[in-house]
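Contents: one structure, followed by commentary.
The values are calculated or read from the model by the stated rules, or taken from the named source; none is laboratory data. No experiment lies behind these values; they were computed from the predicted model shown. Cβ atoms come from the backbone with ideal geometry, glycine included; neighbour counts cover every protein chain shown.
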Amino acid sequence: MAALARIALTDEEIDQFADELSVISDAVAAVSEVASPDVPATSHPIPLANVWREDVVAPPSVDRDEVLAMAPESEDGKFKVPQILGEE
């Protein structure tokens, strides 16, 4: 596989990764033994519930003008940063 991916490996690394690949292959085989069409696929063993809180409008915790006064540059009530990626 390393040759196909054009990755230069030492003999020690090849032995190490071969052992690791064997462990991974054995784990996949073990899962394949118990996974059958009547076992539903899951991403979590325990069902998840939405744990997000409700959005509540609250007064600002800091004064915008005070924060912008500490910035190197600001414009129109926002931080001014260097242009990137040639955007306008």
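Would you say E87 is in a loop (DSSP other than H, G, I, E, B), at pLDDT below 85, under 30 Å from the mean Cα position of the chain (by Cα) and of a type in the set (D, E)?
Yes: the conditions hold for E87.
Does region 51-84 hold any residues that are surrounded by 10 or more Cβ atoms within 10 Å (Cβ to Cβ) and of a type in the set (K, R), and which are they?
Within region 51-84, R64, K78, K80 qualify.
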